[in-house]
1. Failed condition for Ala159, given (1) without any contact (Cβ under 8 Å) to a residue 60 or more places away in the chain; (2) open to solvent by 80 Å² or more (accessible area, probe 1.4 Å); (3) among the aliphatic types (A, V, I, L, M), with all others met?
2. Please work out if Ile93 is under 30 Å from Arg203 (Cα atoms) and among the β-branched types (Val, Ile, Thr).
3. For the stretch 125-168, what are the residues that are aromatic (Phe, Trp, Tyr) and over 22 Å from Leu101 (Cα atoms)?
4. Give me a count of the residues in the stretch 107-116 that are under 15 Å from Leu170 (Cβ atoms) and open to solvent by 20 Å² or more (accessible area, probe 1.4 Å).
5. Can you find a residue in the stretch 20-42 that is within 27 Å of Glu168 (Cβ to Cβ), part of a loop (DSSP other than H, G, I, E, B) and either at pLDDT 80 or above or open to solvent by less than 50 Å² (accessible area, probe 1.4 Å) (or both)?
6. Would you please name the residue that is farthest from Gly111 (Cα to Cα), looking only at residues in the stretch 177-189 that are surrounded by fewer than 18 Cβ atoms within 10 Å (Cβ to Cβ) and without any contact (Cβ under 8 Å) to a residue 12 or more places away in the chain?
7. Can you pull out the residues in the stretch 121-134 that are assigned to a strand (DSSP E or B) and either in contact (Cβ under 8 Å) with a residue 40 or more places away in the chain or acidic (Asp, Glu) (or both)?
Amino acid sequence: MDSLFMVEPIVTVKKVGDIECRLQLPKNIETHPNTNHSWDFGENFPNEVEPIEDTKAKVYELKFPIYSIREEILLISIDENFLSVSPIFTNKISEVLLGALDTHADIIMIGCSDRIPELKVTKENDCTLQPPEFITGFVGALMSILVRNSDKPFNAILAPSEGPQGFEKLSISTMDSLIQFCSEILSVDHKLYSTEVYRRWKRDGRASGAQSGLYL
């Protein structure tokens, strides 16, 4: 979702750091020889390790940038991809990140879910999600922690999407709503901002109908 903010002619964006994660798997992972299992499917993590054959320690690292906007807004964009980014990482990032934030900071989250039919705005004391609607991933982890810590108010903007995390598609109407919301937060020219967002959105192939085929 970082393309919603990275608009050089409209706002000043500066990289201020990175969030880095590191996981090391030990050598000689113990397994039961008679256990049937498969590590080939992408949602298993790490999907490159076969515990029966691999006896070498492996290290997995991820890095996500942190930007400042006009030196008053921090933008943290987590590139979620269920094929390569484990919930182990996103859950830990959310826990450490919220622990480091000032308790008086305004927290605004923007995320997607293919389990909601329309744009939802949720706050710490006003959940607009109705069963069986739900949200997962990084924003879901953030919301879960924040709900348990009522001293940190937040606003979560949840957009309906199609497809798994990392491969979402958004409709034109959803993008219009997100553009309106973000342009108000940034206090920028709505027309210029909208033009730039649509250009980057189409370039990234996130538009509905931009990719052919079905998700299986």
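1. Result: Ala159 fails condition (2) only.
2. Details: under 30 Å from Arg203 (Cα atoms): yes; among the β-branched types (Val, Ile, Thr): yes.
So Ile93 fits the description; yes.
3. Going residue by residue through the stretch 125-168, those that are aromatic (Phe, Trp, Tyr) are 134, 138, 154, 167.
Scanning the stretch 125-168 gives Phe134, Phe167.
4. Of the stretch 107-116, the ones under 15 Å from Leu170 (Cβ atoms) are 110-116.
Among the residues that remain, those that are also open to solvent by 20 Å² or more (accessible area, probe 1.4 Å) are: 110, 112, 114-115.
Qualifying residue count for the region: 4.
5. Scanning the stretch 20-42 turns up at least one residue that is within 27 Å of Glu168 (Cβ to Cβ), part of a loop (DSSP other than H, G, I, E, B) and either at pLDDT 80 or above or open to solvent by less than 50 Å² (accessible area, probe 1.4 Å) (or both).
6. Ser187
7. Initially, the stretch 121-134 is screened for residues assigned to a strand (DSSP E or B), giving 121-123, 126.
Within the stretch 121-134, just Asp126 meets the criteria.
Here's the yes/no breakdown for (1) within 18 Å of the chain's Cα centre (by Cα); (2) open to solvent by 40 Å² or more (accessible area, probe 1.4 Å); (3) at pLDDT 90 or above:
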{"position": "Pro46", "(1), (2), (3)": "no, no, no"}
{"position": "Pro51", "(1), (2), (3)": "no, no, no"}
{"position": "Lys56", "(1), (2), (3)": "no, yes, no"}
{"position": "Glu61", "(1), (2), (3)": "yes, yes, no"}
{"position": "Ile66", "(1), (2), (3)": "yes, no, yes"}
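The values are calculated or read from the model by the stated rules, or taken from the named source; none is laboratory data. Because the structure is a prediction, the values reported are computed rather than measured. Note that we place each Cβ from the backbone using ideal geometry, even for glycine, and neighbour counts take in every protein chain shown. Heads up: the accessible areas ignore ligands, DNA and RNA and are worked out on the full protein's heavy atoms, side chains in. Shrake-Rupley method; radii C 1.70, N 1.55, O 1.52, S 1.80 Å.
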